[in-house]
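Read-outs: derived from the displayed coordinates by stated rules, not from any lab. Small disclaimer: the values here were computed from a predicted structure and weren't measured. Cβ atoms come from the backbone with ideal geometry, glycine included; neighbour counts cover every protein chain shown.
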Amino acid sequence: MNQLPLDPADGGGRFPGFDVIAQSGHWDRATQSVVGSRLGLLPHVRFFTPEEEVVARALFDQILDQREEPRVPVFNMVDVRLAEQQTDGWHYESLPADAEAWRRSLRALSDDADARHGVGFADCAWEQQSAILDAVQKRGDDDWHGFPASRVWSLWTRYACTAFYSHPWAWNEIGFAGPAYPRGYKNMGVDRLEPFEVRDIRPHDDPARRDS
Amino acid sequence: MGRVEDRNQSAWLLLPDGSRPEPRLRDQMRRFADDDEVDLVIVGCGAGGSTLLQRMARAGWKVVALDAGPFWEPETDWVSDEAGSHHLYWEEPRVIGGSDPVPLGSNNSGRGVGGSMVHYAGYTPRFHPSDFHTRSLDGVGADWPFAYEDLKPYYSDIENELPVAGEDWPWGDPHSYPQRPHPVSGNGELFMRGADAEGITAKVGPVAISNGRFGHRPHCIYRGFCLQGCKVNAKASPLITHIPDALDHGAEVRADSMVSSIEIDERTGRATGVHYIQDGRSRFQRARMVAIAGYSIETPRLLLNSTSKRFPDGLCNDFDQVGRYLMVQGAPQTAGRFESEVRMWKGPPPEVSTEDFYETDPSKPYKRGFSIQSVSPMPIAWAEHVMAQGHWGAALRHYMSDYVHWASYGALCEFLPQPDNRVTLAEETDRHGLRVAKFDYSQCDNDRQLLAAAQGVMERILTAAGASEVITIQRFAHLVGGARMADNERDGVVDGDGVTFAVPNLLITDGSVLPTQGSANPALTIMAVAARAADRLIRRKG
Ligand SMILES: Cc1cc2nc3c(=O)[nH]c(=O)nc-3n(C[C@H](O)[C@H](O)[C@H](O)COP(=O)(O)OP(=O)(O)OC[C@H]3O[C@@H](n4cnc5c(N)ncnc54)[C@H](O)[C@@H]3O)c2cc1C
Ligand code: SF4
């Protein structure tokens, strides 16, 4: 298994056969163990309550568009960080510290789902969930359940992306070769690749163009 | 000035293979007892603190530096990985507010021997001569108690000790560097191409990354993980540029020791030592003099937390100056999309800069200016760029799959010092029960104009290099100020020698003392100012 499910129309399969882990023999030991630990079994859930877990899993699936297995275990990775109080070392004055901000914002998300559809967030249909989140994002700096919506959005997406894009499966999807010590890079410059790097087979697939 | 190795042996005190400092330096390190009255105790072993430590040890002083974080062993403690490098940052809580709060995150200051330079990018430009008197020159900011010329010899000393590699520098006070410029990656190549097409001068450097072997330090391997700590020991940080020589000259570095307050003798008004916490135990180190170098947030916090009968509102805070005039540089990053593969993460993030827009341009409505440099976000940082455009879900994944095609540049805008941009104490406490810092920031009109102008120039460079799309994220970098130098106690906290106005045997020798910030990355200037303070201190004693 070295590719996450992602439709080619959504940017999947651009680096065929590229597998970061196949290069792990070239990494130093400290790095091997840190990156390797993301692939093994993660600790039991310690921070989130079961009620929060259900909401959080659905939220992370949405933010990262993970609709089916195999998934990067974003929920578990965030739970580890919060259980170990590995915060970013700061929080906005308008939000409580991260742990509390997570609990309260998940509750608020459930309340939104309940108000709109009479069921929990995770039990809403995929499009309903997307619409709820879209509404939070669109509030910008306006209030959402007592907090500026943009700050909550930043909290959710920061944790989600830090977990997802630290995972070798996500690196395979974006062509990033991961750790580079002690080998380093020898072929620097535009369009110059190392023998172990794989070229993008769809260089014209510019998402910015497609949007506009 | 003489040969570097006659002034600072650090690079020669690494093992011959360059992998680590000679183990004897730590194993046989001199250790002072808490009740030894040392000549000087330094709080913080980062850019400013380590420079002072090395200079004073060489001068024969009995000196110990305490750091809240660990004494790093890069081979085992650091990884070649973005998320796995979180422990390099100051993770104790801080609260941010104001109308433009400054998120710290992976741009946060460091914790541990070497300070923030352990994970800084490595750019080491000098300030321009104009930075030392912006008030007289442009009517904004402040004048320093000394001029560029006073700092110049220290700049060149430190540039030789780090050492710095780069092309001959045409801006500010034109100068050259001890090492030749590094080759550049795709990201830097496009910068040069775009700037050239736009008639903008761009130069390679200046970076504190050794180009070739320096002493026993190895050559850079262009792996790109400078912001995660350089395991190779090619990039300069005090851990390898100043601490080895300090230890060899009888200094002590006491890691994992969090200073909680400075003790003042109520009768004489002099500092007598520092209270600190190690392994859960409260301890007190006696000292004849104290220097604080804990970074622009922790230094004001420590002063404010050090209350006494004499200083009920915090040490050195008689005139409500502590924590004020804290500055960040506006650091928007603009990225451009290329048909070719750029793979910007290859090679060190710091490569190419332009200072063409650094000085006040009389034809513009704003004062002061900005510089532009190459930066190259790793995947997690890059995901922040993409999310800043409002993308999430499928659009986020799609954008991210395009990562190999993007080049990215960052500006450093000279935000002006303002009294209300400051550190105060929050109600929230850390695990030691000490009140944490609250950091408020609000931009002024000039600041916002600089941001827009800098973004415009970055877009020009990228477009001229062939980018089909450009995107920008607003960021901030490099906190300095908060306990600034001034001519008198009503305008600042320390004098030009770093000595506090209120306590004659208390110094501050980190980035907190800078009255202005220019558009240059600050570490070289912080070290040069600390080296100058050391020199003045040594002469004063004699
Ligand atoms: C991601 C990033 C990139 C950067 N890139 C660049 C760059 O390219 N060029 C550049 O010039 N600058 C760069 N900087 C900024 C630069 O690293 C800092 O400005 C500089 O290191 C600050 O020096 P300092 O002496 O003020 O504090 P630091 O170097 O941060 O040292 C402070 C030390 O004090 C310790 N400390 C704090 N409080 C206490 C206490 N109470 N008790 C004991 N110890 C304490 C801390 O643990 C820390 O080790 C970057 C910074 C970051 C975060
Ligand atoms: S790119 Fe060079 S300086 Fe930066 S971390 Fe790698 S080896 Fe060190």
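Values as computed for the structure displayed
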read-out	value
Zone of A:E93's modelled label, taken as backbone nitrogen in region B:294-334 under 15 Å from a point 7 Å along Cα→Cβ	B:324-326
For region A:44-166, the fraction of alpha-carbon pairs in successive 5 Å shells from zero, as %	2, 11, 23, 25, 23, 12, 4, 0
Nearest-20 debye value, the protein assembly as shown charge dipole, Cβ charges on Lys, Arg, Asp, Glu	1600
Helix B:186-198 axis, angle to chain B major axis (alpha carbon atoms, nearest 10°)	70
Per-residue average of Cβ from other chains inside 10 Å of A:158-164	6
Cα centroid separation, region B:185-232 to region B:443-505 (Å)	23
Neighbourhood net charge (13 Å Cβ-Cβ; Lys/Arg +1, Asp/Glu -1) for B:L151	-4
Base-10 log of normalised Debye intensity for region B:14-90 (one unit scatterer per alpha-carbon) at q = 0.15, 0.19, 0.24 Å⁻¹	-0.70, -1.02, -1.29
Relative contact order (%) - chain B, alpha-carbon pairs under 8 angstrom, separation at least six	23
Helix axis angle, A:98-117 relative to chain A longest principal axis, alpha carbon, degrees	70
Sequence of B:L450, B:L15, B:L247, A:L133 once ranked by neighbouring C-beta atoms within 10 Å, starting from the fewest	B:L15, A:L133, B:L247, B:L450
Whole-Å distance, taken between Cα centres, linking region B:515-535 and region A:155-208	36
Three principal axis lengths of the protein assembly as shown [C-alpha, angstrom, descending]	76, 57, 53
Order of B:S261, B:S237 under a 10 Å beta carbon neighbour criterion, fewest first	B:S261, B:S237
Cα shape, region B:55-208, gyration tensor, a/c 1.5 rule	rounded
Nearest-ten-degree value, helix B:523-541 long axis tilted from longest Cα axis of chain B	20
Centre separation in Å (Cα based) which lies between region B:279-314 and region B:106-168	25
Test item: Cα-centred dipole of region B:4-540, Lys/Arg +1 and Asp/Glu -1 on Cβ, debye	620
Under 28 Å from B:K438, Cα to Cα: lysines that are on another chain or at least 8 residues apart	B:K309
Shape call, region B:408-537: gyration tensor on alpha carbons, a/c limit 1.5	prolate
Helix-derived mean residue ellipticity, 222 nm - over chain B, DSSP H n ≥ 4, -39500 (n - 2.57), to 500	-7000 deg cm²/dmol
Ranked B:D27, B:D143, A:D114, criterion: other C-beta atoms within 10 Å, fewest first	B:D27, A:D114, B:D143
10 Å Cβ shell holding at most 16 others, DSSP loop, trypsin sites (Lys or Arg not before Pro): longest site-free stretch of chain A	A:68-138
Among the listed pairs B:K203/B:K235; B:K203/B:K367; B:K346/B:K367, those beyond 29 Å (Cα-Cα)	B:K346/B:K367
Added length on full extension, which subtracts the Cα-Cα distance from 0.36 nm per residue, B:S19 to B:A197	59.8 nm
Computed helical MRE - 222 nm, chain A, DSSP H runs ≥ 4 contributing -39500 (n - 2.57), nearest 500	-13500 deg cm²/dmol
Cα gyration tensor shape for chain B, rounded if a/c is under 1.5, else prolate or oblate	prolate
Size of electric dipole in region A:44-166: Cβ of Lys, Arg +1 and of Asp, Glu -1, about Cα centre, debye, nearest 20	160
